[in-house]
1. Per residue of the range 127-133, in order, report the coupling 6.51 cos²θ - 1.76 cosθ + 1.60 (Karplus, θ = phi - 60°) as ³J(HN,Hα) in whole Hz, putting x for Gly and Pro.
2. So which trypsin sites (Lys or Arg not before Pro) in the range 1-39 are both in a DSSP loop and have at most 16 other Cβ atoms within 10 Å of their Cβ?
3. Can you tell me the accessible area per residue over the chain, all protein chains present, probe 1.4 angstrom, in square angstrom?
4. Under a crude label model (7 Å from the Cα following the beta-carbon direction), how far is Q125 from K102 in nanometres?
5. I'd like the Karplus ³J(HN,Hα) series for the range 21-26: coefficients 6.51, -1.76, 1.60, θ = phi - 60°, whole numbers in Hz, and an x wherever there's a Gly or Pro.
6. On the full set of protein chains, 1.4 Å probe, figure out the accessible area of E45 and give it in Å² to the nearest 10.
7. With a 1.4 Å probe and all protein chains left in place, how much of the accessible area of the chain comes from carbon and sulfur atoms, in whole percent?
8. For the pair L136/E65, report the inter-label distance in nm, with labels modelled 7 Å from Cα in the Cβ direction.
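The values are calculated or read from the model by the stated rules, or taken from the named source; none is laboratory data. On a predicted model such as this, the values are computed, not experimentally measured, just so you know. Neighbour counts are summed over all protein chains in view; Cβ atoms, including those assigned to glycine, are modelled from backbone coordinates with ideal geometry. To get the accessible areas, we keep the full protein, side chains included, count just its heavy atoms, and leave off ligands, DNA and RNA. Shrake-Rupley method; radii C 1.70, N 1.55, O 1.52, S 1.80 Å.
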Amino acid sequence: KYEEAMQQYQKALEIQLKALGPEHSSTAATYHSIGRVLYKQGKYEEAMQQYQKALEIKLKALGPEHSSTAGTYHEIGNVLYYQGKYEKAMQQYQKALEIKLKTLGPEHSSTATTYHSIGNVLHDQGKYEEAKRQYLKAL
């Protein structure tokens, strides 16, 4: 169903670009969604391009401290993680975590997801005690 989803998102994007413009937060959300479909298909470079578009718009439209901006940082981290770029992934996860702690708080499920992702990076780097601390924060 990825192709069907992609067709629908492309239609939505066309409409949003005409009706709302290229710098609207709804347009950014659609780029983010397209990135997610590509990510799920393992098309990491293409996903990264969509996430970068979404992030650029969100930074302008919503600002650097918005939870939606944090979500895109997290997704960029996911792409980098699955590409084996652990240090770069960690940087993105840390940006996401910082924003989520400010906007959503430490008890929010989205914050927990980022703690878990940080734990995954640390685990894959062989930093098991540090990973365990992050996993415990995610509980």
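1. Each residue's phi maps through the Karplus curve to give 9, 5, 5, 5, 4, 4, 4 Hz.
2. Values: sites: K1, K11, K18, R36; in loops: K1.
Of the trypsin sites (Lys or Arg not before Pro), the ones in loops of the range 1-39 whose Cβ has at most 16 other Cβ atoms within 10 Å are K1.
3. Numbers: 7810 Å² over 139 residues.
Result: 56 Å² of accessible area for each residue.
4. Taking the simple label geometry, Q125 and K102 are separated by 2.3 nm.
5. x, x, 10, 8, 5, 5
6. The accessible area of E45 comes to roughly 110 Å².
7. Carbon-and-sulfur percentage of accessible area, whole number: 51.
8. Here the answer is 3.1 nm between the modelled labels.
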